[in-house]
Amino acid sequence: MNIPRNEALPERIGNVDELDELLSRPDAATIETLSRIDGDIIVLGVAGKMGPTLARMAKRASELVGAKRRVIGVSRFSNAEQSDALNQHGIDTYQCDLLDEESVQHLPAAPNVIYMAGMKFGSSGNEPLTWAMNTGLPAIVCRKFCRSRIVAFSTGNIYGLTSIQRGGSTEADAPQPVGEYAMSCLGRERMFEYFSSARHIPVILFRLNYACELRYGVLVDIAQRVWRGETVDLAMGRFNTIWQGDANAVALRSLAHAASPPLALNVTGPELMRVRDVAEQFGALMKKSVSFTGVEGETALLSNSSRARQMFGEPQVPVAKLISWVANWVSHDGASLGKPTHFESREGKF
Ligand SMILES: NC(=O)c1ccc[n+]([C@@H]2O[C@H](COP(=O)([O-])OP(=O)(O)OC[C@H]3O[C@@H](n4cnc5c(N)ncnc54)[C@H](OP(=O)(O)O)[C@@H]3O)[C@@H](O)[C@H]2O)c1
């Protein structure tokens, strides 16, 4: 089989079409993995920030190796245009409120599930729905897809804050979630663990820490503050991040490693980024002066991604490249999703 080689990264990204093309471009390893895995792929909660490019990557990789596979996207499609856009890229779409168990029963079966539905923003003040979405929904999904392998998106927030000196929480650390959002996400993991064991469902607990592209992400949050001349808060002084295309690729490749009991994977970049340094880099690249507020804490929300990097290699997009893409995008008035990550929150309120 002819697996295409990885293409070189561009100097800069000029528009949303180029951005989406790059975010959904499968690398050689992803193409190879999807050539080995049988069956359709269903993406639950496809219409968010990551799902459209992940689904498109799965479709592109499958087409490149001539695999006859449906890639299916499920969401409520609060924004109807998302469904049309996915259809144009060959992805079949189903409109479904996943909390409606009867509707879920009518979804097509698929051997491969990427579970991306969740609730974070607006969770403070709407705790019952947060728990229903993050902790209740996995039970509905596991009952329906009990013969599938599942990559269940989770979050590094389940760990809570960790000492910067330690180099980030590892998968062996005991969870210490701060706030109801993080607690409900730990509940999500526990439900997947329970069903994985009770029904022998192979699962990956995909603990992501801040995917970043050019319209959203921690780097975008910092760059926008610098660009607008706003102060940058140092209280959460460190963070991890990963190019969203790399996170998409690892999610798809993880399908081949789903296990019962589940395998937990921290998915983020190798660096423990320092907010002060990153803001100063943006200041230099965008020719802006930078001002700070707050004091850097000794703890931060940080994950150690050694396990995932041993399994899948280093991210294709180094963080220095991502910073230069973001600086160019923000300073040329590139599109923004207007969805700040709130990575500064130390109380776990979102
Ligand atoms: N992006 C990150 O950096 C990051 C970091 C850590 C963890 N994660 C986790 O990774 C997952 C994917 O990330 P994301 O940023 O793409 O999330 P997202 O933007 O919140 O997307 C999730 C999508 O799920 C759909 N959804 C929500 N409730 C639903 C329901 N009841 N029925 C059907 N669909 C529903 C929503 O689309 P509709 O409104 O159209 O239904 C929503 O856009 C999320 O679970 C997130 O918590 C992401």
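The values are calculated or read from the model by the stated rules, or taken from the named source; none is laboratory data. All values derive from a computational prediction rather than experimental measurement. Because the Cβ atoms are built from the backbone with ideal geometry, glycine has one as well, and the counts that use them run over all protein chains shown. The area values use the complete protein model at the heavy-atom level, side chains included, leaving out ligands, DNA and RNA. Shrake-Rupley method; radii C 1.70, N 1.55, O 1.52, S 1.80 Å.
Tabulated values for the structure
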{"quantity": "Additional length obtainable on full extension of the chain from Arg166 to Ser197, 0.36 nm per residue less Cα span", "calculated": "8.0 nm"}
{"quantity": "Pairs of Cα atoms farther than 16 Å apart, the range 196-248, %", "calculated": "56"}
{"quantity": "Bridge type composition, the chain - antiparallel percent by DSSP, nearest 5", "calculated": "15"}
{"quantity": "Anisotropy class of the range 86-163 from Cα gyration tensor, a/c 1.5 cut", "calculated": "prolate"}
{"quantity": "Net charge contributed by nearby residues that have their C-beta within less than 11 Å of Arg70 (K/R +1, D/E -1)", "calculated": "+1"}
{"quantity": "Efficiency of FRET between Glu347 and Lys68 - r from beta-carbon atoms, R0 41 angstrom, step 0.05", "calculated": "0.25"}
{"quantity": "The chain - accessible surface per residue (Å², probe 1.4 Å)", "calculated": "42"}
{"quantity": "Label zone at Glu21, where the point sits 7 Å out along the Cα-to-Cβ direction: the range 59-80 residues whose backbone N lies under 16 Å", "calculated": "60-61"}
{"quantity": "Cα shape, the range 260-350, gyration tensor, a/c 1.5 rule", "calculated": "prolate"}
{"quantity": "Relative contact order of the range 94-240, defined on C-alpha pairs under 8 angstrom at six or more residues apart (%)", "calculated": "24"}
{"quantity": "Highest average packing first - 204-210, 335-341, Cβ atoms within 10 Å", "calculated": "204-210, 335-341"}
{"quantity": "Histogram of C-alpha separations across the range 33-122, 5 Å bin width, %", "calculated": "3, 15, 27, 25, 18, 9, 3, 1, 0"}
{"quantity": "Protection proxy ranking, peptides 140-148, 96-104, 216-224, average beta carbon neighbours within 10 Å, highest first", "calculated": "216-224, 140-148, 96-104"}
{"quantity": "Normalised contact order of the range 192-350, rounded percent, pairs of Cα under 8 Å and 6 or more residues apart", "calculated": "36"}
{"quantity": "Cα-based Rg / Dmax (Å) for the range 141-284", "calculated": "17.0, 54"}
{"quantity": "The range 12-69 - convex hull of the alpha-carbon atoms, volume per residue in Å³", "calculated": "85"}
{"quantity": "Label point 7 Å beyond Cα of Ala284 along Cβ direction - residues of the range 197-225 with amide nitrogen under 20 Å", "calculated": "219-225"}
{"quantity": "Relative contact order %, the chain, counting alpha carbon pairs below 8 Å whose residues are six or more apart", "calculated": "19"}
{"quantity": "Anisotropy class of the range 266-318 from Cα gyration tensor, a/c 1.5 cut", "calculated": "oblate"}
{"quantity": "Lysines whose Cα lies under 29 Å from that of Lys59, excluding same-chain neighbours fewer than 8 positions away", "calculated": "Lys49, Lys68, Lys120, Lys144, Lys321, Lys339"}
{"quantity": "Taking the convex hull of Cα positions in the chain, its mean projected area over all directions (nm²)", "calculated": "16.4"}
